[in-house]
1. Here are E158, E110, E87: which of them is within 16 Å of the ligand (Cβ to nearest atom) and acidic (D, E)?
2. Can you list residue pairs whose Cβ atoms sit under 7 Å apart, with the first residue in the stretch 148-177 being touching a residue at least 24 places away in the same chain (Cβ under 8 Å) and acidic (D, E) and the second being assigned to a loop (DSSP other than H, G, I, E, B) and more than 10 Å from the ligand (Cβ to nearest atom)? Count only pairs 6 or more apart in sequence or on different chains.
3. Report those helices (runs of 4 or more DSSP H) wholly inside the stretch 44-131 carrying at least 2 residues which are out of contact with any Pro (no Cβ under 9 Å at 6 or more places or on another chain), surrounded by 15 or more Cβ atoms within 10 Å (Cβ to Cβ) and modelled with pLDDT of 95 or more.
4. Report whether or not T138 is crowded, with 17+ Cβ neighbours inside 10 Å, touching a residue at least 12 places away in the same chain (Cβ under 8 Å) and either touching a helix residue (DSSP H, G or I) at 6+ places or on another chain (Cβ under 8 Å) or not in a helix (DSSP H, G or I) (or both).
5. Looking only at the stretch 28-36, decide whether some residue is touching a Pro at 6+ places or on another chain (Cβ under 7 Å) and without any contact (Cβ under 8 Å) to a residue 24 or more places away in the chain.
6. State all residues of the stretch 186-211 that are over 12 Å from A256 (Cβ atoms), buried (at least 18 other Cβ atoms within 10 Å of the Cβ) and within 12 Å of the ligand (Cβ to nearest atom); if no residue qualifies, say none.
7. Cβ-Cβ distance below 7 Å, separation of 6 or more or different chains: which pairs start in the stretch 78-95 with a residue that is touching a residue at least 60 places away in the same chain (Cβ under 8 Å) and farther than 15 Å from T187 by Cβ and end on one that is β-branched (V, I, T) and more than 9 Å from the ligand (Cβ to nearest atom)?
8. Residues that are closer than 18 Å to L82 by Cα: find the strands (runs of 3 or more DSSP E) completely inside the stretch 146-251 holding 3 or more of those.
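The values are calculated or read from the model by the stated rules, or taken from the named source; none is laboratory data. Note that this is a predicted model, so its numbers are computed, not measured. Here Cβ is always computed from backbone atoms with ideal geometry, including for glycine, and neighbour counts include all displayed protein chains.
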Amino acid sequence: MPDKDNILVIGAAGQIGTDLVLRLRQELSASQVIATDVKDLPAGELLESGPFQVLDVLDYNAVAKVIDQNQITQVYLLAALLSATAEQNPKLAWKLNMEGLFNVLDIAREKKQFKMFWPSSIAVFGPTTPSNLTPQHTVMEPVTVYGVSKQAGERWCEYYNQKYNIDVRSLRYPGLISYKSPPGGGTTDYAVDIFHKAVLDKHYNCFLSKDTMLPMMYMPDALDATLQLMNAESSSIKIRSSYNISALSFTPEMLAKEIAKHISDFSIDYAPDFRQKIADSWPGSIDDSFAREQWGWKETFGLSEMTEDMIAHIQERYALGANK
Ligand code: SER
């Protein structure tokens with residue numbers, strides 16, 4: 001990554017932003033990475049490690065001003081409502097997820113000075129998509145408002161790249177597992193919540209059925225994939241909608257068994273709710289060969305490595321007095 005990069009992260013307090021900002025600040029200097037979010041940050045690592053300002057992605061002029069004033073060369077647009085929260089408020093989800101994207105795409109078009117990253121998701125797929133090793137190019141009929149917004153967003157990213165030469169790059173993230181931020185309203189977030197409950201209560205009530213297979217990825221791998229994609233030569237990025245990306249797939253039952261290897265009296269119950277239907281519409285595993293071939297993607301963490309690392313970090317957080 002060139003030293004002169006100035007990076008803007010929009011939606012920095014979310015699950016990806018919390019980890020990404022810290023990783024970027026380690027790789028560059030802290031002052032080169034401006035974290036922003038719609039709300040003030042609580043005291044903590046993110047706030048203390050570098051510049052932060054309140055920024056609403058729906059305020060075009062405010063976003064353009066921050067980009068200008070700081071001579072931004074890369075924007076990570078992470079502000080969005082996730083799948084389960086979006087179902088509770090479809091209009092707000094559509095507005096935030098789409099207008100936020102348009103604002104940054106249009107500022108990119110106006111200023112021509114930065115490349116941008118925008119996350120897509122396995123939620124672009126739907127019940128008519130082949131669910132085993134889902135190909136990059138396939139049937140896409142998403143049934144959630146979140147998935148519809150991501151699919152539309154992908155089409156617009158490709159359109160702005162083709163028509164206006166905007167250097168926009170994207171990944172279809174699977175469920176992301178991390179310990180720095182609390183679960184944030186996604187359907188795959190059971191796989192985050194389960195670790196907190198396992199450490200605190202030794203018991204978890206799972207809102208998905210035990211055999212719901214979903215594609216997942218540990219956050220360090222997701223950050224590697226994101227930075228690899230952003231640092232790749234523009235000419236090697238052949239897909240400008242969004243890349244399939246994958247690391248591992250498991251069910252709640254498989255994850256519970258893995259956790260029980262570390263917390264022997266851990267138990268789990270299953271009480272599927274409205275999120276089951278969302279999960280059932282998504283693939284069980286993903287074919288990400290284009291990412292592997294075109295810019296060298298390869299994951300590091302399997303299920304057992306991820307589980308061991310998550311438990312160690314979550315135990316440490318609560319031992320240090322983190323809020324429950
Ligand atoms: N993790 C997301 C969700 O469950 C999917 O991208 O909403």
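1. Values: E158 fails: within 16 Å of the ligand (Cβ to nearest atom); E110 fails: within 16 Å of the ligand (Cβ to nearest atom).
Just one listed residue meets the conditions, E87.
2. E154/S170; E154/S241; E154/S242; E158/R240; E158/S241
3. Working: elements: 45-48, 60-69, 83-88, 90-94, 100-111.
Of the helices (runs of 4 or more DSSP H) lying wholly inside the stretch 44-131, those with at least 2 residues that are out of contact with any Pro (no Cβ under 9 Å at 6 or more places or on another chain), surrounded by 15 or more Cβ atoms within 10 Å (Cβ to Cβ) and modelled with pLDDT of 95 or more span 60-69, 90-94, 100-111.
4. Details: crowded, with 17+ Cβ neighbours inside 10 Å: no; touching a residue at least 12 places away in the same chain (Cβ under 8 Å): yes; either touching a helix residue (DSSP H, G or I) at 6+ places or on another chain (Cβ under 8 Å) or not in a helix (DSSP H, G or I) (or both): yes.
Considered against the rule, which asks whether it is crowded, with 17+ Cβ neighbours inside 10 Å, touching a residue at least 12 places away in the same chain (Cβ under 8 Å) and either touching a helix residue (DSSP H, G or I) at 6+ places or on another chain (Cβ under 8 Å) or not in a helix (DSSP H, G or I) (or both), T138 comes out as no.
5. yes
6. G186, T187, T188, D189, V192, F207
7. Matching pairs, first to second residue: L78/V9; L78/I10; L78/I16; A79/I10; A79/V38; A79/V57.
8. Details: elements: 171-173, 175-177, 203-206, 214-218, 248-250.
Passing ranges, in order: 171-173, 175-177, 214-218.
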